[in-house]
1. Find all pairs meeting these conditions: Cβ atoms under 7 angstrom apart; at least six residues apart or on different chains; first residue within region 43-55 and closer than 14 Å to Val31 by Cα; second residue of a type in the set (Val, Ile, Thr).
2. State whether one or more residues within region 141-153 are more than 13 Å from Ser93 (Cβ to Cβ) and touching a Pro at 6+ places or on another chain (Cβ under 9 Å).
3. Can you list residue pairs whose Cβ atoms sit under 7 Å apart, with the first residue in region 68-86 being under 17 Å from Gln112 (Cβ atoms) and the second being among the acidic types (Asp, Glu)? Count only pairs 6 or more apart in sequence or on different chains.
4. Please determine whether any residue of region 20-39 is assigned to a strand (DSSP E or B), at pLDDT 95 or above and under 23 Å from Lys137 (Cα atoms).
5. Sort out which residues of region 140-163 are over 15 Å from Gln112 (Cα atoms), crowded, with 16+ Cβ neighbours inside 10 Å and either of a type in the set (A, V, I, L, M, F, W, C) or under 20 Å from the mean Cα position of the chain (by Cα) (or both), and write them in order of number.
6. Report, ordered by the first and then the second residue, all pairs with beta carbons closer than 9 Å, sequence separation of six or more or different chains, a first member in region 162-177 that is more than 27 Å from Arg90 (Cα to Cα) and in a helix (DSSP H, G or I), and a second member that is modelled with pLDDT under 90 and not charged (D, E, K, R).
7. Consider Lys40 carefully, then state whether it is closer than 26 Å to Gly168 by Cα and either surrounded by 15 or more Cβ atoms within 10 Å (Cβ to Cβ) or of a type in the set (Lys, Arg) (or both).
8. From Thr110, Thr123, which residue is surrounded by 18 or more Cβ atoms within 10 Å (Cβ to Cβ), touching a residue at least 60 places away in the same chain (Cβ under 8 Å), β-branched (Val, Ile, Thr) and under 21 Å from Ala46 (Cβ atoms)?
Amino acid sequence: MKTRLRGLLPVGLAGLAALLLGAPPIGAIDVPQTRQEFVKAVADGARGAKVETLVIERGFDEVYKTLEARTTPCLDKMVQRSSYVGYWERSSSDYTPTLKRTGPDRAEFTMQVAHNPRGVGHTPPPGGLYIMAADLKRAGAARTEVVLYKPTIGFKNIAKSFVQWVDGQSTDCPKLK
């Protein structure tokens, strides 16, 4: 009987080790790897984000042209930082907006940020973490519906500027950190 248990012990330990190594750590964060995953996570109530639906009294083409004129010059930026914390530490955040038509009456906006050095414990998608998205659609001759998937923690100034742009208000570019 002793010999039999001794033979099963290494097999059992190997199985336990494989199970533990294959399981995600407790409290692990699932980072959306696609725009669709990000939109679904926010729509399902992800912490730190919410969905807001706006009906704008401006035509779809006019709203799209405004966003085309504002997103790249205002949001396609790299922010570099350095500070002395006993040694010089350098970091950067590369912001990447994407605006594209998905049909004659629809468009989508996506905002990503890639941090360097990146945080420990997550694998960001290509282009960086998703921080905001918007679906735009024509809702009449002079009306556009905007479904905004926006942060409630951090990056609020980007969402605020975006809403002002689609509403036709002339605003300065938001300060990116």
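1. Final answer for the pair search is Gly48/Thr152; Gly48/Ile153; Ala49/Val42; Ala49/Thr152.
2. No, there is no match, as no residue in region 141-153 is more than 13 Å from Ser93 (Cβ to Cβ) and touching a Pro at 6+ places or on another chain (Cβ under 9 Å).
3. Short answer, once both residue conditions are applied: Met78/Asp94.
4. Within region 20-39, not a single residue is assigned to a strand (DSSP E or B), at pLDDT 95 or above and under 23 Å from Lys137 (Cα atoms).
5. Listed by number, the residues that qualify are Val146, Val147, Ser161, Val163.
6. Close Cβ pairs (under 9 Å, with a partner that is modelled with pLDDT under 90 and not charged (D, E, K, R)) amount to Val163/Gln169; Gln164/Ser170; Gln164/Thr171; Trp165/Thr171.
7. no
8. Thr110
The values are calculated or read from the model by the stated rules, or taken from the named source; none is laboratory data. These numbers were taken from a predicted model, which means no experiment stands behind them. Using ideal geometry, Cβ is built from the backbone for each residue, glycine included, and neighbour counts are taken over all protein chains shown.
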